[in-house]
Structures are given as C-alpha cells and as structure tokens.
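Please read the structure below before turning to the comments.
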Amino acid sequence: MDKIERTLGQLFSGRDFEKEYNTLKEKVLQYEPIRAFLNEHKDDVTEQLINQNLSNLYEFMTQDEQFRAKKETLMPGYAPKLVINGEFITVTYYPTPEKIEADKRKSVERRIRSLYMPKQILEASLDHFYTDEEERQRALVEAFDFLEHYSKDSSERVKGLYIHGNFGTGKSYLLGALARELALRGVTTTLVYLPEFMREIKQSISDNTVSEKIEFAKETEVLMLDDIGAEAMTAWTRDEVLGAILQFRMQEELPTFFSSNYNMKQLESHLTFTQNGMEEQLKARRIMERIRFLSKEVQLEGKNRRK
C-alpha cells in the first residue's frame, strides 16, 4: 500500500489541477458551437450547470471537431448534438444525411434478392430507362401501370409482365429497375437468371437441396425470371421445377415477371421440344397457361444497347 501511495505521489507531483481545470474549461467555453448553444439557452444555463457537465461539454467539443474534420467519431455516421435534459447537459448523436442515405440504400438492397444477376441490373433505375423509341415508351407505361395497381396488402390480383424482344433491348434492365422501385416501396423481389438457376438445380440433386431452391423461388413476394427460354430445358426441369414454381405462384396469385427473347407463342414451341427430342405439346401448353395467368405480354424491341 505504501508503495502505491509513493507512486501516485510521484505521478501527480507538481501538477496544478485547478489551473488545468480552468484552462480546459476556458477552452471548452470558447468553442464556438458551445458558445452558441449556451447563448441560445442562457435562461436555463447556470455556472453550476456548466461545472457539473463540463465533461459532457468537452466530449461534444472533441467529437464535433472530429466530425467537422471528417474524421471518425465515437459513433461513425452520427453527428454530436448538445441537449439540455433537466439538470444535465447531455451529448446525443443523430444520423448524418450520408448515414440516412446509406441505410436507405442497404434497406433497398436487402429487399432485392438475386441469383446470378449482374450488378448493373441490380442498380437499374426507371429514371434511366431510355424512352427514345415508341415500344420502349409503351413498356415503361406498362411497368408504371403495375406499380400503380400493385399493393402487397391488397387482395386484388395484378399481373406481372412478360417482356420479350431481341438481344440488348433492355428487358433485364427493366426488370431490375422495377425491382428497385418495388424495394423503395417496401416490397421484396427476387431476380433469377433462369438458365443458371436451372443448371444449379440439376447440380443440387446430388446434395438433396433441390426442394430448398425451388421453395426459395416459389414463395418470394415478387419473382422475376430473367431470360426464360435460353436455358437447356429437359422434361424434368420444365415440369418439376418451372412447372412447380409457376403452379404455386398461380394458386397464391403472387406477382411474377419474365423476360425472354421469345414471344409467348414461340416459347410454347420451345417448351414443347425437350433435349431428348420428345414432343409434349400438352405439358408445354400447361406451362404457358400458368405464364399467361401470371403475366401480361409486352414487346420490347429496338436497337441493341449493348453494342
């Protein structure tokens, strides 16, 4: 015990704590944002209140200096603010505009789930969808018509869109832009690049995760199947995978979108012929009945914008 006392005595020897305290207090009270705060609340602030809360004032000064210098504060993304709370002056932290925007962006991103979709599609925006051709204008009108009538809390059934056209006309981009707009409205959307999804489904047979992946696509709030018809279709993937997903969504009346290089008539022909060369018109027709029930056909032609 004697050793500790001697050590403390040496540590604080020669220090004038009252002088240090007054120097710190003067520095704090000269800090312009604190001066402005005290002046604003001069009817409520006393010398005693200042003395009792000098540590909080000091915290505000140091954190505000860090924030204004764009350096990391105790709470990154938040700015300090002084508040009088009864007999205390406290420091609160409020989110900066950048923090609010970042949180909003993350919230949107959480509501857009994707499988094998490129980044630029996930960042698409209806504001940037070109309308320099008449068919593009009509497609955009159909997109806004869906947004106007769809509500996740409504019992009214609203069809999705079956967007078809040549390569590079913006079909996938329009789906991505719709997904982002829905996310801003609190709606969760899943975008699936169908050819890659089907390939993974086949690979999942070995680890018994086929059902899990099908359920993921079946039950999402809004489903968008990109590039239907481009996949190497078999009777099994057509009937047990695509058919099961569409049947569930038709029964539950869940919004479903498609993009394709084929129009609906051409897609039916594509679905009729499996890789084994077997013609199964009835099964293909059943798939198309579900697609027609779920979506409205929209043509999107124009120049190839990938060039």
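The values are calculated or read from the model by the stated rules, or taken from the named source; none is laboratory data. Just so we're clear, the structure is a prediction, and the values are computed from it rather than from any experiment. No Cβ is skipped: glycine too gets one built from the backbone with ideal geometry, and neighbour counts run over all protein chains shown. Keep in mind that these areas ignore ligands, DNA and RNA; they rest on the heavy atoms of the full protein, side chains included. Shrake-Rupley method; radii C 1.70, N 1.55, O 1.52, S 1.80 Å.
Observations
- Relative contact order for the chain, counting Cα pairs under 8 Å that sit 6 or more residues apart, in percent: 18
- Kirkwood hydrodynamic radius (C-alpha pairs) into Stokes-Einstein, the chain, 4 °C and 1.567 mPa s, D in µm²/s: 53
- Largest GNM mean-square fluctuation across D44, D127, D239, computed for the chain with C-alpha springs under 10 Å, falls on D44.
- Choice from T169, T92, T237 with maximal GNM fluctuation in the chain (Cα, 10 Å cutoff): T92
- A cut-off of 5 Å between modelled amide H atoms, ignoring neighbours fewer than 5 places along the same chain, links S114 with L191.
- Percent accessible area from carbon and sulfur atoms, the chain, protein chains only, probe 1.4 Å: 48
- Karplus-derived HN-Hα couplings along the range 281-289 (A = 6.51, B = -1.76, C = 1.60, θ = phi - 60°), whole Hz, x at Gly and Pro: 4, 5, 5, 5, 5, 5, 4, 5, 4
- Backbone geometry of the range 197-210 corresponds, through the Karplus equation with coefficients 6.51, -1.76 and 1.60 at θ = phi - 60°, to 3J(HN,Hα) couplings of 4, 5, 5, 5, 4, 4, 6, 7, 4, 5, 10, 6, 10, 4 Hz, x marking Gly and Pro.
- A simple rule links phi to the HN-Hα coupling: the Karplus curve 6.51 cos²θ - 1.76 cosθ + 1.60 with θ = phi - 60°, which for the range 40-47 gives 5, 10, 4, 6, 10, 9, 10, 4 Hz, with x for Gly and Pro.
- Counted charge near M250, where neighbours are those whose Cβ lies closer than 12 Å (Asp, Glu -1; Lys, Arg +1): +4
- Using the average count of surrounding beta-carbon atoms within 10 Å as a protection proxy, the listed peptides 30-43, 129-142 rank, highest first, as 129-142, 30-43.
- Beta-bridge orientation, the chain: approximately 30 percent antiparallel, per DSSP, counting only bridges with both partners inside.
- Inter-part distance, the range 134-196 to the range 77-112, computed on C-alpha centroids, equals 33 Å.
- Residue-averaged [θ]222 nm for the chain, counting only DSSP H segments that reach four residues, each worth -39500 (n - 2.57): -15500 deg cm²/dmol
- Most fluctuating residue given options L24, L147, L174, as computed from a GNM of the chain linking Cα atoms under 10 Å: L24
- For S206, the shell of other residues with beta-carbons less than 14 Å away shows a net charge of 0, using +1 for Lys and Arg and -1 for Asp and Glu.
- Amide H within-cut-off set for E297, under 5 Å, with H built and near neighbours excluded: Y162
- Coarse-grained scattering of the range 201-307 at q = 0.16, 0.17, 0.24 Å⁻¹, given as base-10 log I(q)/I(0) from a Debye sum over alpha-carbon atoms: -0.76, -0.85, -1.43
- Placed amide H near T169: partners under 5 Å, 5+ positions off or other chain: R305
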